[in-house]
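This report refers to the structure that appears directly beneath it.
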Amino acid sequence: MRRETVAISAISALGITLLSSMASAINPCVPSSKTGDLCSCKVLELRPTQFAVGMISVQNKETELASKAAPRLRAYQQKHPEPVVKGPGNALFITDHHHLALAMAERGIATTACQLQADYSGLDPGLFWAKMKEQNWAYLYDENGKGPFSPEDLPKTVAGLKDDPYRSLASAVRDRGAFSKVSLPYAEFEWANYFRSSGISEADIRGNFRKSVRAASAIAMRRDACSLPGYKGPSPCP
């Protein structure tokens, strides 16, 4: 029995060593990085393509990250890389995973894995942002659902993202199963804007989040939400 235990421990240690080695074996993102490449990038050098996130969702991500030791964190980062577009000056603009990026910044995690979706570094800023809008890779509405604003007003790092509590509410309602997760970009922001006018106040969300999630889950089933992505209530639309 003891020999079996030692053997199992040795195999586990070897697995962790291999995991650590595999998770650290990526090169830094550089100007010559090509579309599809997985590379290491600095979290606070990543440029946001939206103005806001849900800070409750960010805090939940922080809790998840805190539970991961270094080797598993690196493996997690490579499994969930930040999707980036190379823009003017070879800056890296993230097109998703803003909550994760901010959670890493808040945790003091300096680097992560990035995957290059496209290289638009040869375009001037005007053409760059036109291309980003065409690809649905920019959401130019603020934490109050107002906009669109100019891309020039976007925060320069994820540390500048503002809190939209209705975005956290939308994520929690989706996770509760009141609407389906869909691939449509910014679907949760559409739901956030719907809940913004539903009678649930910011004070409600901040004061009793669970109660707000229950209320919003019922609201999500209303027929007037039937045009929203992932709607699961009565159909067809009126």
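Every condition in (1) without any contact (Cβ under 8 Å) to a residue 60 or more places away in the chain; (2) outside any loop (DSSP other than H, G, I, E, B); (3) surrounded by 13 or more Cβ atoms within 10 Å (Cβ to Cβ) holds for residue 123 except the one numbered (2).
Just to verify a result, which residue in the range 97-120, among those that are in contact (Cβ under 8 Å) with a residue 40 or more places away in the chain and out of contact with any strand residue (DSSP E or B) (no Cβ under 9 Å at 6 or more places or on another chain), is surrounded by the most Cβ atoms within 10 Å (Cβ to Cβ)? Break it down into steps so the answer makes sense when it comes.
Initially, the range 97-120 is screened for residues in contact (Cβ under 8 Å) with a residue 40 or more places away in the chain, giving 98-99, 101-107, 109-119.
Now restrict to residues that are out of contact with any strand residue (DSSP E or B) (no Cβ under 9 Å at 6 or more places or on another chain): 103, 105-107, 109.
Numbers: 103: 25, 105: 20, 106: 17, 107: 15, 109: 17.
Looking at the filtered set, the residue picked out is 103.
Can you name the residue in the range 189-202 that is touching a residue at least 40 places away in the same chain (Cβ under 8 Å) and not aromatic (Phe, Trp, Tyr) and is also nearest to residue 54 (Cα to Cα) among such residues? Out of the qualifying residues, it is 192. Looking at the range 35-45, can you tell me whether even one residue there is surrounded by fewer than 17 Cβ atoms within 10 Å (Cβ to Cβ) and in contact with a Ser or Thr (Cβ under 7 Å, 6 or more places away or on another chain)? There is at least one residue in the range 35-45 that is surrounded by fewer than 17 Cβ atoms within 10 Å (Cβ to Cβ) and in contact with a Ser or Thr (Cβ under 7 Å, 6 or more places away or on another chain). Residue pairs whose Cβ atoms lie under 6 Å apart, separated by 6 or more positions or on different chains, with the first residue in the range 71-96 and touching a residue at least 40 places away in the same chain (Cβ under 8 Å) and under 10 Å from residue 115 (Cβ atoms) and the second assigned to a helix (DSSP H, G or I) and of a type in the set (Ser, Thr, Tyr), do not occur. Screening residue 25 with (1) at pLDDT below 95; (2) buried (at least 22 other Cβ atoms within 10 Å of the Cβ) gives one miss only, at (2).
The values are calculated or read from the model by the stated rules, or taken from the named source; none is laboratory data. As the structure is a prediction and not an experimental result, all values here were calculated from the model. In this analysis, Cβ positions are derived from the backbone assuming ideal geometry, glycine residues included, and neighbour counts consider all displayed protein chains.
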